[in-house]
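The values are calculated or read from the model by the stated rules, or taken from the named source; none is laboratory data. Because the structure is a prediction, the values reported are computed rather than measured. With ideal geometry, Cβ positions are generated from the backbone for all residues, glycine too; neighbour counts draw on all protein chains shown. SASA here: full protein model, heavy atoms, side chains in, ligands and nucleic acids out. Shrake-Rupley method; radii C 1.70, N 1.55, O 1.52, S 1.80 Å.
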Amino acid sequence: QCQLSGLWRNEQDSLMEISALRGNGDFEGKYLTRVTLSGGCAHISPLKGIQQQPGEGGWPTFAFTVRWDKFSNATTAFAGQCFVDSGGKETLTTMWLLREAVGSLKEDWRATR
């Protein structure tokens, strides 16, 4: 069984810590990104999410948001799934969507990555 709680590192060397996983699937944590929109140093940002409880023998899916409020006017939503390989290594696979604030509806086309 894959456990979301704990410390995770991605290929960009950013860190995510999921510290509170509740029985209903809600979780909270912190995200320390090494990649910033402002080009500055790493910052810790809060994250909140939910894990879908898997069926028997399945791997859990999850989604969470990160609010980059300390250095950027943007929010990122992640969705993914947790897997365990035959050696017991846990891996999270995710897709993300970042929304940056823009000044007008006319600029909306460039706000999402």
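Here are the numbers for the structure shown:
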{"item": "Exposure of ILE18 as accessible area (Å², to 10), given a probe of 1.4 Å and all protein chains", "result": "10"}
{"item": "Label assignment, Kirkwood radius over Cα pairs in Å derived from the structure, set (i) 15.2; (ii) 14.3; (iii) 16.2", "result": "(i)"}
{"item": "Computed over the chain: relative contact order in percent, which uses C-alpha pairs under 8 Å that are six or more apart", "result": "16"}
{"item": "Long-range HN-HN contacts of ARG34 with modeled amide H, under 5 Å", "result": "SER14, LEU15"}
{"item": "Simple Cβ-charge dipole of the chain, Lys/Arg +1 and Asp/Glu -1, about Cα centre, in debye nearest 20", "result": "320"}
{"item": "Karplus (6.51, -1.76, 1.60) ³J(HN,Hα), θ = phi - 60°, over the range 27-32, in Hz, Gly and Pro reported as x", "result": "8, 9, x, 9, 10, 10"}
{"item": "Which of ASP26, ASP85 is most accessible, then next, and so on - probe 1.4 Å", "result": "ASP85, ASP26"}
{"item": "Apportionment of accessible area to carbon and sulfur, the chain, percent (1.4 Å)", "result": "52"}
{"item": "Average accessible surface area per residue within the chain, 1.4 Å rolling probe, Å²", "result": "64"}
{"item": "Selected from GLU17, GLU90, GLU28 as most flexible by GNM, with the chain as the system and alpha-carbon contacts under 10 Å", "result": "GLU90"}
